[in-house]
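Beneath this line is the structure, given in structure tokens, with notes to follow.
The values are calculated or read from the model by the stated rules, or taken from the named source; none is laboratory data. Predicted model, so just to flag it, every value in this text is computed and none were measured. Cβ coordinates were reconstructed from backbone atoms using ideal geometry, including for glycine residues, and neighbour counts include every protein chain displayed.
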Amino acid sequence: MPSCHEVKIEMNYQEAVDYINEVPKFTQKASVEHTQILLKYLGNPEEGLKIIHVAGTNGKGSTCAYLNAMLMEGGYHVGLFTSPHLVSINERIMLDNVPVSDEVFLNAFLKAKEAWERAAKEENLDHPSYFELTFLLAMLIYKEAKVDYVVMETGLGGRLDATNAVREPIACAIASISRDHTEQLGDTITLIAKEKAGIIKKGIPCVYDASNPEAAVVMADTCKEVGAPGYGISPEMIVPVKTDLSGNVFEYTWPGEETRTLTVHSVGSYQMMNAALAFQTMQVLREMTGLADDVLLKGLEHTFWPGRMETLEEGVIVDGAHNEDGVARFTETVNALRGDRKVTLLFSAMADKHYKDMIRTLALEVKPDLVITTKVPGYRGEKADALAQRFIDNGLTNVMAVEDLPEAFETAKKMRDGGLLFIVGSLYLAGEIKCLTMKKN
């Protein structure tokens, strides 16, 4: 079991990554105060960075991608911190939409290692957690790169998240709230919303998805309590114009302002709210950024977010939906796009997820023509047979279990018979599929 006193003095990139991957086996989630102490030992690299802080159950990653693209369209040097990664850990720390190099990643790791070793000796501080460590590396890298803006996604929750160690963001955005990670965040929308609302700070504008009435009340009340300007976006402000396999065109109207027509090339219909959240956040920051509407609209149109309703090849779409609300939104999109085409699902899930509810929704509301279940490599992946049986229990008969993921993917592509193939159930599944397609290309 590694400890902070056993790390080699000299490490290469792969050794650093291997070490980070071992961290979950010997550390627990750290407190915000713990992260703030480590930041102090690093010289508080987060201070002076213009950070947009983004939370939410579903959609926060897409919202970050839209913000990143709009800022880059405006010519800014932007850091984007998100999780999880699909293929490489470097994807968590992007510079101008490119994963940081192995050399930059390693140099930051070595600096962070030296800092936490000092903190361990001087203050008996525990080792940083996996997520906390990647966050520390990101702050170091963005400070040294002298980025103009940082778009920063929370990990789990908000109030107790390592990213909440940032005391003075320039704005925060909160995407949709639904039931996920209920063991850590609570089992009601109100409790989960309170955790997410923990990133709202005095005087800092907060733009939030007001679709869910319970969550909207929490956001509005929190903004009022802490003295933060609040901007709730309700579904009535968004009017769809066109939704198809090329993306979404919709009209967005903030009360008292002119209607804008927004275009995004993400397929999911739910992406309209995520794009509106990002667009409104940039409206709030207009005085700071100086970016006009035409720049913002181009940024939205140029946004690409891998693994989220991403078309891998014609008729083959991968989506990282991995909880009940995400699958409900996925279902809406599939039913809007399918027409008279056959729908095949390639499905896998983590054993510790509420996949029974996800499968019930997919079986009853999508009614796919064929389902192929598979297993994501690793101990957390649920067995293909167990997943297949759940689909059968929900009334489907054309169900296959193919444990080996590459074989399952090839089988699904062959058997879709000119119809649509959707790959769904886990971000880890999306990542594995991305790896497979990259190897072939």
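Just a few scattered comments:
- Checked against the criterion of being on the phi > 0 side of the Ramachandran plot and either of a type in the set (Asp, Glu) or surrounded by fewer than 22 Cβ atoms within 10 Å (Cβ to Cβ) (or both), the candidates Asn107, Asn97 yield just one match: Asn97.
- Of all residues in the stretch 412-441 being touching a residue at least 60 places away in the same chain (Cβ under 8 Å) and assigned to a loop (DSSP other than H, G, I, E, B), the one that is nearest to the chain's Cα centre (by Cα): Ser426
- Residue list for the stretch 119-143, restricted to those being in contact with a helix residue (DSSP H, G or I) (Cβ under 6 Å, 6 or more places away or on another chain) and over 22 Å from Ile51 (Cβ atoms): Ala119, Leu125
- Which listed residue, of Lys194, Lys202, Lys146, Lys121, is under 23 Å from Lys40 (Cα atoms) and touching a Gly at 6+ places or on another chain (Cβ under 8 Å): Lys202
- Those residues of the stretch 36-55 which are in a loop (DSSP other than H, G, I, E, B) and either more than 30 Å from Phe279 (Cα to Cα) or among the polar types (S, T, N, Q) (or both), in sequence order: Leu42, Gly43, Asn44
- All positions within the stretch 42-64 that are more than 17 Å from Tyr142 (Cα to Cα) and out of contact with any helix residue (DSSP H, G or I) (no Cβ under 8 Å at 6 or more places or on another chain): Lys60, Gly61
- For Lys342, the test of being surrounded by fewer than 21 Cβ atoms within 10 Å (Cβ to Cβ) and in the same structural domain as Ala408 (by TED's automatic domain parsing) is passed.
- Failed criterion for Asp369 (all others in (1) modelled with pLDDT of 95 or more; (2) over 19 Å from Val334 (Cβ atoms) hold): (2)
- Residue match in the stretch 43-61 (condition: buried (at least 24 other Cβ atoms within 10 Å of the Cβ), at positive phi and not hydrophobic (A, V, I, L, M, F, W, C)): yes
- Residues (farther than 25 Å from Ile177 by Cβ and over 24 Å from the mean Cα position of the chain (by Cα)) located in the stretch 232-247: Val241, Lys242
- Considering the stretch 144-155, and only residues there that are assigned to a loop (DSSP other than H, G, I, E, B) and not small (Gly, Ala, Ser), the residue that is farthest from His53 (Cα to Cα) turns out to be Lys146.
- The condition of being touching a Pro at 6+ places or on another chain (Cβ under 7 Å), of a type outside the set (D, E, K, R) and in contact (Cβ under 8 Å) with a residue 60 or more places away in the chain holds for only one of Thr333, Thr344, that being Thr344.
- For the criterion of being in the same structural domain as Asn107 (by TED's automatic domain parsing), more than 22 Å from Asp221 (Cα to Cα), at pLDDT 95 or above and of a type in the set (Lys, Arg), Lys202 fails.
- Qualifying positions in the stretch 164-192 - under 19 Å from Asn323 (Cβ atoms) and modelled with pLDDT of 95 or more: Ile174, Ala175
- Residues in the stretch 223-263 that are touching a strand residue (DSSP E or B) at 6+ places or on another chain (Cβ under 7 Å) and hydroxyl-bearing (Ser, Thr, Tyr): Tyr231, Tyr252, Thr259, Thr261, Thr263.
- The stretch 57-99 - residue that is at pLDDT below 95 and part of a loop (DSSP other than H, G, I, E, B) and, of those, nearest to Leu277 (Cα to Cα): Gly59
- The requirement of being among the β-branched types (Val, Ile, Thr) and in contact with a strand residue (DSSP E or B) (Cβ under 7 Å, 6 or more places away or on another chain) is satisfied by Ile392.
- In the condition set (1) closer than 25 Å to Lys413 by Cβ; (2) among the charged types (D, E, K, R); (3) touching a residue at least 24 places away in the same chain (Cβ under 8 Å), Lys298 is compliant with all but (1).
- Top-ranked residue in the stretch 62-77 [being farther than 19 Å from Gly155 by Cβ and within 17 Å of the chain's Cα centre (by Cα); ranked as surrounded by the most Cβ atoms within 10 Å (Cβ to Cβ)]: Tyr66
- Hits in the stretch 271-307 (condition: over 28 Å from Thr437 (Cβ atoms), of a type in the set (A, V, I, L, M, F, W, C) and in a helix (DSSP H, G or I)): Met273, Ala276, Leu277, Phe279, Met282, Val284, Met288, Val295, Leu296, Leu297
- Put simply, of Thr243, Thr253, Thr281 the only residue that is surrounded by fewer than 19 Cβ atoms within 10 Å (Cβ to Cβ), outside the structural domain of Val318 (by TED's automatic domain parsing) and hydroxyl-bearing (Ser, Thr, Tyr) is Thr253.
- Hits in the stretch 22-66 - residues which are free of Cβ contacts under 8 Å to residues at least 60 places away in the same chain and within 27 Å of Gly425 (Cβ to Cβ): Glu22, Lys25
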